[in-house]
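Data block below; observations after.
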Amino acid sequence: MHEMSIAQSIVEIAMDYAQKEKAQKVTELELSIGTLSGIEFEALDFAMEVCKKGTLLNDAQIVVDKIQAIAKCIDCENEFKIVHLFDACPNCQSYRTQLICGKEMQVKSLLIE
Ligand SMILES: [Zn+2]
């Protein structure tokens, strides 16, 4: 389950920041995660609970901002919500598509005290 190592690095990023700011604790952590990032949301929730225990993030509320993946068709310029990476354009059935967003995995914001 690679969510565990992702959660670990998210906690490290947050800890670095919190320590730099001399925070007592992190109260909220907001993440942006694309639906095509390859991350399972439930697994990440669980991994975050495990990884934040005993750190400055112990009581932090984890907010996950899901970003719907959007692709653009190169042939007809239609923009559509894409579920799987190689889905065809629903308008013209072309496979020549370009992903606009949906692969992101980042710490969006942190609230510290
Ligand atoms: Zn198309």
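Within region 49-74, residues that are over 30 Å from P90 (Cβ atoms) sit with their Cβ atoms under 7 Å from residues that are in a loop (DSSP other than H, G, I, E, B) and modelled with pLDDT of 95 or more, at 6+ positions apart or across chains, in these pairs: K52/N58; K52/A60; L56/A23; L56/K25; D59/K25. So, S37, is that one in a loop (DSSP other than H, G, I, E, B), among the small types (G, A, S) and under 13 Å from Q106 (Cα atoms) or not? In short, yes. Once region 40-70 is narrowed to residues that are of a type in the set (K, R) and not in a helix (DSSP H, G or I), the residue that is farthest from V11 (Cα to Cα) is K66.
For S94, the conditions (1) in contact (Cβ under 8 Å) with a residue 12 or more places away in the chain; (2) part of a strand (DSSP E or B); (3) within 12 Å of the ligand (Cβ to nearest atom) are fulfilled apart from (2). With respect to the conditions (1) surrounded by 13 or more Cβ atoms within 10 Å (Cβ to Cβ); (2) more than 21 Å from I67 (Cα to Cα), V11 falls short on a single one, namely (2). Only one of the listed residues (T35, T27) is hydroxyl-bearing (S, T, Y) and in contact with a Lys or Arg (Cβ under 9 Å, 6 or more places away or on another chain). That residue is T35.
The values are calculated or read from the model by the stated rules, or taken from the named source; none is laboratory data. As the structure is a prediction and not an experimental result, all values here were calculated from the model. Neighbour counts run over all protein chains shown; Cβ positions are idealised from the backbone, glycine included.
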